[in-house]
Every structure is written in C-alpha cells, then in structure tokens.
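The values are calculated or read from the model by the stated rules, or taken from the named source; none is laboratory data. Values in this document were obtained by computation on a predicted structure and should not be read as measured data. Here the Cβ is made from the backbone with ideal geometry for all residues, glycine too, and neighbour counts use every protein chain on show. Only protein heavy atoms, including side chains, enter the accessible area calculation; ligands, DNA and RNA are left aside. Shrake-Rupley method; radii C 1.70, N 1.55, O 1.52, S 1.80 Å.
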Amino acid sequence: MPLRVTFLGTAGAVPTTDRNPSSLFVAREGEQLLFDAGEGTQRQMMRFGTGFSVSHLFVTHLHGDHVLGIPGLIQTMDFNDREEPLAIHVPHGTRRQIKSLVRALGNRPTFPIRISEVGPGDVAYRADEYEVRAFASDHDTRSVGYALVEDDRKGRFDRERAEELGVPVGPKFSRLHAGESVELEDGTIVHPDEVVGEARPGRSLVYTGDTRPTAATVEAAAEPDLLIHDATFADDRVERASDTAHSTARQAAEIASRAGARRLALMHLSSRYAGYTDDHLAEAREVFDGEVFVPSDGEELEIPYPDGGDVSPDE
Ligand SMILES: [Zn+2]
Ligand SMILES: [Zn+2]
C-alpha cells in the first residue's frame, strides 16, 4: 500500500524561478491529501500530474505563501464540475478568513466545502487505517503542524506453525490472524499469539509548516519515517530565524535527531539561498545521522514501512 509524498512547492515566503510557495501532496491507497496551498499550487499539481481529487486540505497557518493558492484551486475544481466534498482543516480562529478566501470575489463553489478548526492534539481526520493529527507549532500567527500516523499493522502470520498445530488451511487462518482463537476438530484450542507475531508499526510523516524548533514536533509522532521541517535559514542567519519565527537547517536536524526521524526534508528555504543548498545540508548533517535532503519542486518520495517488509497488512 504505497504512501507517496510529492513536494509541490518548497520555497520560503517569496518564490523563486525554481521553487513555488509551500504545498505538499500526499497519496495513500487512492486517497489524496494536500498540506498547504501556496500561490500556483494548482499549476504545480498539473505540472507534476497529481490530479485534483484531493479530499482534505490541511492548512498550517494563514500566511499568503501557504494559502493564496486556495481560491484558484477551488475555482478550477468548480470549473471541472467537481461534486465530491472538500474538507479544509485550519488553525483555531481562522475559519472566517479561510471562508472569505474560498469565496474570493464572490465566487460560490457548487460542491460542498467544509471548513473545520483544529488545535494541538486534535485528530483533524480519522481514516480507516491512519489519522492526521494537529500539533503545536511556534510561528508568529495562529499555526499548527500536522502528523499523518498509520495504525499498527497486524503481526506476521506464521503459516508453518499454524499447520504444525493442525490448523486446517482456510478461514481459521484468517480468524487467527484477526485475533480470534479457534477450535480444531479434536477440541484443541489454538490462540492467536501462538501463530501471530507482534503488531508492526505503520508509517508516519510529520509536516511542521513554518515554525521555530519545538518539543511538540519531537512528540508529534514516534520515530517518524519522514520529517518535513521548516529550514528557512542556514547558520549564518540564526538570529533572523528566531526573530521571524522560523528555523535553521541545523535546528530542524536537531529536532529530527531528538524525534528519531528516519529522513528529514528541509523545506521553505529563503529565496536568498536560491540555487544553493550546500550549507543547509552540511549543517544539518552535523547533527542528524539519518538521510537529509532539500527537496526540489516536483520531487516524489515513497515512504516504505519501517520494518522494510511487507506492503500488505495481511501478509
Ligand atoms: Zn511560509
Ligand atoms: Zn509563515
């Protein structure tokens, strides 16, 4: 079951010719989610072939470089005769402003749009096998980050052991794997823990949006497979990072290290570093042992299961 991230926009507050303002596209098992929608997001979606079947949009905060793509995107969805509802999740106290963006210039979309406010600790969206939670970020306006966390998967089913115990191949296998005990013809009871291994963790990704480094990001998900963190500045502007409520690449890497993240994507680079990412990467690598990279617009990333193994939860 693939979990894929497409970096639609990786710029800081001001775009460059190579980088669009912030937006992330996440696809999981036929479901498509969008995190932030800076100006031009719809065109990035066309360019990188993601399609427009997004069911949820998660907004980290209301700075223009994260939301100005919303009116255009919604108008295009409307032109495409969209009928499916769109859920928009926004930080507390910002619903009214987002509503006015959605209805920019008197536009009235004909498909249903639901805007809900979320605060730190809230589950913004509960899906069948995962949830998207909001967590506190530290920016100079109302803001949250989001963590997509999959449920644990069932443990591995030990088929050989089940056969040794005399369980007939068939529905009893599935019942055991689902956690039920089964009775054999001779009256023996076989319990799931005899044939099913420990539950295996699902995958997780954490997206901070704009923020200073915070403990809340460390706690947003246990050992996230991917942490996408504000890295607006390099060490040369550490004070400016703090003054403007952003992070440096090194600070992002310290958070990644404390969180036990497997991979770190440095996002939202200031346009003053246009075309030059060496310092960001070198400074982050001094404090983080995992894989670190500065994504380009359009870059796609597949997130594997932490145990590297099975794709299907039923295997
Ligand atoms: Zn920003
Ligand atoms: Zn901002």
### Query
Going by accessible area, probe 1.4 Å, with all protein chains left in place, what is the ranking of S247, S55, largest first?
S55, S247
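Starting from the residue with the highest accessible area, list Y125, Y146 in decreasing order, probe 1.4 Å. Write out the running numbers ahead of the final one.
On the way: Y125 40, Y146 0 Å².
Solvent-accessible surface, decreasing: Y125, Y146.
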#### Entry: Pairwise centroid distance, computed over Cα atoms, of region 1-47 with region 48-93, Å
11
### Task
Using a 1.4 angstrom probe on heavy atoms only, work out the carbon and sulfur share of the accessible area of the chain in %.
46
### Task
Report the residues of region 52-70 in range of a label on V14: point 7 Å along Cα→C-beta, backbone N strictly under 17 Å from it.
64-66
### Summary
With the 1.4 Å probe rolled over protein heavy atoms, region 68-127 has an accessible area per residue in Å² of 55
### Query
Counting only DSSP beta bridges with both residues in region 171-315, what percent are antiparallel, rounded to the nearest 5?
15
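Report the net charge of residues surrounding Q97, where surrounding means a beta-carbon distance below 14 angstrom and charges are Lys +1, Arg +1, Asp -1, Glu -1. Don't skip to the answer; put the middle values down first.
Working: positive: R95, R96, K99, R103, R142; negative: E117.
After counting each charged neighbour, the total is +4.
Filter the chymotrypsin sites (Phe, Trp or Tyr not before Pro) in region 264-303 down to the DSSP loop ones having no more than 13 other Cβ atoms within 10 Å, then list what survives. Intermediate values should be presented prior to the final figure.
Values: sites: Y273, Y276, F288, F293; in loops: Y276, F288.
Hits after loop and neighbour filter: Y276.
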#### Entry: Area accessible to solvent at V169, 1.4 Å probe radius, in Å²
100
### Loop-located trypsin sites (Lys or Arg not before Pro) in region 76-141 whose Cβ has at most 16 other Cβ within 10 Å (DSSP)
R103
